[in-house]
Amino acid sequence: MPAKNEWRLTRTEALIAAAGLLLLAVAVVRLAVPDRSRMRPLSLQGFDIPSEPIDQGQTLERERVWEPPDDVYLVGWSPWIGAARSGGELTLFAAGVQLFFFGQGDRAANATVYPAGTGYLLRKGEKLTLRYRLENMGPAGETKGAGAVVYFVPLEGN
């Protein structure tokens, strides 16, 4: 015969208690471990300068301009020159400031980014200009084009 103060636990009560303890453990771990930083919404803007004929001794300079839709942080770029051995140069400017340069000696396409947590602030309405300059010291031919992809994140929320 069971004693008067004996306490009995049914299987259902044991399962409910175990589930409650599991939820409590998850809550404690969730509060104790710091949250990972959120990924920032990276956006891209492409610039394309098409190929065109170029005569011997001729110098061509072409520009493409982009204005951001909102205030943004420019965080990097990835340039390319179609005629890699041509001696062409790509320069990225904003408000008269040279941000990036890619030219002679930079044979492979390279992506350049600012250090983590930094960038160039480009306000809405400011112009970002990609300038392609090519001096043809060889025979007449084609420029084979050039371009760049610019990486940016919105100012709001960052």
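Remarks
- From the list THR112, THR143, the one residue that fits, being touching a Pro at 6+ places or on another chain (Cβ under 9 Å) and crowded, with 19+ Cβ neighbours inside 10 Å, is THR143.
- Scanning the range 39-65 for residues that are surrounded by fewer than 14 Cβ atoms within 10 Å (Cβ to Cβ), among the small types (Gly, Ala, Ser) and in a strand (DSSP E or B) gives a single hit, GLY46.
- Of the residues screened, ARG40 is not one that is at pLDDT 90 or above, touching a strand residue (DSSP E or B) at 6+ places or on another chain (Cβ under 9 Å) and among the charged types (D, E, K, R).
- Flag for PRO68 being closer than 19 Å to ILE49 by Cβ and crowded, with 18+ Cβ neighbours inside 10 Å: no
- Residue, farthest from GLY46 (Cα to Cα), within the range 110-158, restricted to residues that are of a type in the set (Gly, Ala, Ser) and in a strand (DSSP E or B): GLY141
- Filtered residues of the range 74-101 (kept if buried (at least 18 other Cβ atoms within 10 Å of the Cβ) and more than 15 Å from ALA148 (Cα to Cα)): SER86
The values are calculated or read from the model by the stated rules, or taken from the named source; none is laboratory data. Keep in mind the model is a prediction, meaning the values are calculated, not measured. No Cβ is skipped: glycine too gets one built from the backbone with ideal geometry, and neighbour counts run over all protein chains shown.
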